[in-house]
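Heads up: the structure comes next, in structure tokens.
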Amino acid sequence: MTTHSTRMLILGSGPAGLSAAIYGARAGMKPILVQGIQPGGQLMTTTDVENYPGFADVIQGPWLMEQMQKQAEHVGTQLMWDTIVAVDLTRRPFRLTGDGGDVYEGDVLVVATGAQAKWLGLPSEEAMKGKGVSACATCDGFFYRGKKVAVIGGGNTAVEEALYLTNHSDDVTLIHRRDSLRAERILQERLFAHPNVTVLWNKEVREFVDGGGNAGLVALDLRDTVTGEHSRLDVEGGFVAIGHHPATELFRGHLELDEDHYIKVETGSTRTSVPGVFACGDVMDKVYRQAVTAAGTGCMAALDAERFLAEADFEKMAEAAE
């Protein structure tokens, strides 16, 4: 068992964690970043990225994360391949334990563990990801300009995604397995009033139909949840919008979470309920969920952490002088 100690410990290696690492390293905090189960985060499964500022041409998600990782290492971040299984936030330095027994200690901790989209769990869905099936209309809607698309779900996320897609498509279908939506009333009113949105009630997706070759998604095989009858809906884009799972299991009972299990932070900052612990990216953001906003909050977390350490150091010096 080895103990790794640092001024700044970062958990998570998506845009939020790596941005925090870049800023932390440049501030001389020599951060250690533990990469976790999915190094690089959700962008590692995203092919074409067209909305990250600074790139005139379409870039690949894995390439972008590789560049961020190299930049973080170049300025002095130490990246560790490990998965954290236990945390102790009751005292500083904070202690995290990896699944192999290594211990990581940090005077401050930045949590950037992200969130995962919930999926339907169909084999055809897995096979068609990136070929017509997506879980983010804001990320991928642009690629379906003028095409027929469908959104699966019935909550706020689904309704917002369907309304967003009307910016690109004149034919948007919302598919819901029940006969009423869970979304907020005002969102429902906007949805029902939109001329380019059709709602299919009591329908569930049984299969995403592959057109073969380079065709990608061509249709959805639907089943009526009341009658059991099967039908087919021809679409070129299918957006699964049934919510997200923030990766906060490690922190239940240690940090204050909201009703959806996202880490609660002070408004306008990344400060959590434990002084010295900061949260950034999708683990605390259930509204925007974009790579660029994750990177922005990663920067905020590093600046907040730097300020916290400066104040703690000043107090320690003042105590020593007394």
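The values are calculated or read from the model by the stated rules, or taken from the named source; none is laboratory data. All values reported here derive from a predicted model rather than from experimental measurement. Glycine also receives a Cβ, built like all others from the backbone with ideal geometry; neighbour counts cover every protein chain displayed. For the accessible areas, the whole protein counts, side chains as well, though only heavy atoms, and no ligand, DNA or RNA atoms are used. Shrake-Rupley method; radii C 1.70, N 1.55, O 1.52, S 1.80 Å.
Computed values, structure above
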| quantity | calculated |
| --- | --- |
| Residue among Ala219, Ala193, Ala150, Ala215 that alone is over 26 Å from the mean Cα position of the chain (by Cα), closer than 23 Å to Ala127 by Cβ and at pLDDT 95 or above | Ala219 |
| One residue from Met1, Met8, Met68 being assigned to a loop (DSSP other than H, G, I, E, B) and of a type in the set (A, V, I, L, M, F, W, C) | Met1 |
| Flag if Ser231 is part of a loop (DSSP other than H, G, I, E, B) and exposed (fewer than 15 other Cβ atoms within 10 Å of the Cβ) | no |
| Residues located in segment 259-288, provided they are open to solvent by 30 Å² or more (accessible area, probe 1.4 Å), of a type outside the set (S, T, N, Q) and not in a strand (DSSP E or B) | Glu259, Asp260, His261, Lys264, Val265, Glu266, Gly268, Pro275, Met284, Lys286, Val287, Tyr288 |
| Members of segment 128-147 that are part of a helix (DSSP H, G or I) and either surrounded by 19 or more Cβ atoms within 10 Å (Cβ to Cβ) or among the charged types (D, E, K, R) (or both) | Met128, Ala137, Cys139, Asp140, Gly141, Tyr144 |
| Residue tally, condition out of contact with any Gly (no Cβ under 6 Å at 6 or more places or on another chain), open to solvent by less than 10 Å² (accessible area, probe 1.4 Å) and either assigned to a helix (DSSP H, G or I) or modelled with pLDDT under 95 (or both), over segment 156-176 | 3 |
| Condition broken by Ala291, with the remaining ones in (1) open to solvent by less than 30 Å² (accessible area, probe 1.4 Å); (2) modelled with pLDDT of 95 or more; (3) not charged (D, E, K, R) satisfied | (2) |
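Condition check ((1) assigned to a strand (DSSP E or B); (2) touching a His at 6+ places or on another chain (Cβ under 7 Å); (3) modelled with pLDDT of 95 or more; (4) polar (S, T, N, Q)) across all residues:
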position	(1), (2), (3), (4)
Val85	yes, no, yes, no
Thr90	no, no, yes, yes
Leu96	yes, no, yes, no
Tyr104	yes, yes, yes, no
Asp107	yes, no, yes, no
Val110	yes, no, yes, no
Gln116	yes, yes, no, yes
Glu126	no, no, no, no
